[in-house]
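Below: the structure, in structure tokens.
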Amino acid sequence: MNKEKELTKLADEIAKCRLCRQWGEGKAVPGEGDPDAEIMFIGEAPGKEEAKAGRPFIGRSGKFLREMMQEIGLDDRDVFITSPVHYLPVRGTPSKENILHGREHLFRQLAVIDPKTVVLLGNTACLAVLDRKAQITKEHGHVIERDGRKYLITFHPASAMRFPAAKKAFIADFKKLERMLGKSRK
Ligand code: URA
């Protein structure tokens, strides 16, 4: 099966997943982008606008994230954008149980797309992928190499928009990402 078909099948499984739906509401937001993306962005969970449209990062923080991609020369159609939790959490923030379940779908997306670089946007992404809590204020900008991939830790764009220090750090982390990609581009 090719990557696109596998991702469509996964999106279908997410849309039908009884456990995911139990903790969330609105449309499923399975993620979107290039099935062959070399870069994947992982957020937290859809917000209200995302749950209405079934698309990731299309609200205020999403616009900011997509602008930052543009700033460093990334077209949002060439990356893959997703999250560990694929439905708007009924309680606002996703529970640990919700994250640990939802990440199983995310892990399969990671295995299919097999990106070289993964950007972890905030705590939930770190908890889901690195399997531990991260102190984003201290660890942002760090790159962890695992399974032949590079994982860059940074803030969630919503935090970066809210706190000036986080915004400054987020911009610096994107500059670092630009340098990392420059090195690995053929
Ligand atoms: N925050 C996320 O983590 N994902 C979205 O899709 C929107 C907001």
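The values are calculated or read from the model by the stated rules, or taken from the named source; none is laboratory data. The model shown is predicted, which means the values in this text are computed figures rather than measured ones. Neighbour counts run over all protein chains shown; Cβ positions are idealised from the backbone, glycine included. These area figures cover heavy atoms from the full protein model, side chains too; ligands, DNA and RNA do not enter into them. Shrake-Rupley method; radii C 1.70, N 1.55, O 1.52, S 1.80 Å.
Quick notes on this structure:
- Dimensions (Å) - the stretch 8-167, Cα atoms, principal axes, largest first: 37, 32, 29
- Remark: spin-label model distance Leu130-Arg60 equals 2.7 nm, labels positioned 7 Å along the Cα→Cβ axis.
- Here the stretch 127-148 and the stretch 70-87 have alpha carbon centers that stand 18 Å from each other.
- Rounded percent of accessible protein surface that carbon and sulfur make up, the stretch 86-182, 1.4 Å probe: 52 percent
- Over all orientations, the stretch 38-96 has a Cα convex hull whose mean projected area works out to 4.3 square nanometres.
- Split the accessible area of the stretch 1-85 by element, probe 1.4 Å, and carbon with sulfur accounts for 45%.
- In the stretch 1-110, Cα pairs under 8 Å separated by at least six residues give a relative contact order of 35 percent.
- Computed FRET value (nearest 0.05) for Lys175 with Ala53, which takes r as the C-beta separation and R₀ as 30 Å: 0.50
- Considering only the stretch 1-141, percent of DSSP beta bridges that pair antiparallel, nearest 5: 35 percent
- Estimated 222 nm signal from helices in the chain, with DSSP H stretches of n ≥ 4 weighted -39500 (n - 2.57), rounded to 500: -15500 deg cm²/dmol
- Accessible-area ranking of Asp75, Asp173, largest first, probe 1.4 Å: Asp75, Asp173
- Close amide H contacts of Lys150 (hydrogens built in the peptide plane, cut-off under 5 Å, sequence separation of 5 or more or a different chain): Thr117, Val118.
- Rough spin-label spacing in nm, given labels placed 7 Å along Cα→Cβ, for Glu145 and Arg108: 3.1 nm
- Each residue of the stretch 107-115 was assigned a 3J(HN,Hα) from its phi angle through the Karplus curve 6.51 cos²θ - 1.76 cosθ + 1.60 (θ = phi - 60°); the sequence is 4, 6, 5, 4, 5, 6, 6, 6, x Hz, with glycine and proline shown as x.
- Accessible surface for the chain, divided over its residues, is 53 Å² per residue with a 1.4 Å probe.
- Electrostatic tally near Leu130: other residues with Cβ closer than 15 Å to its Cβ, Lys and Arg +1, Asp and Glu -1, net +3.
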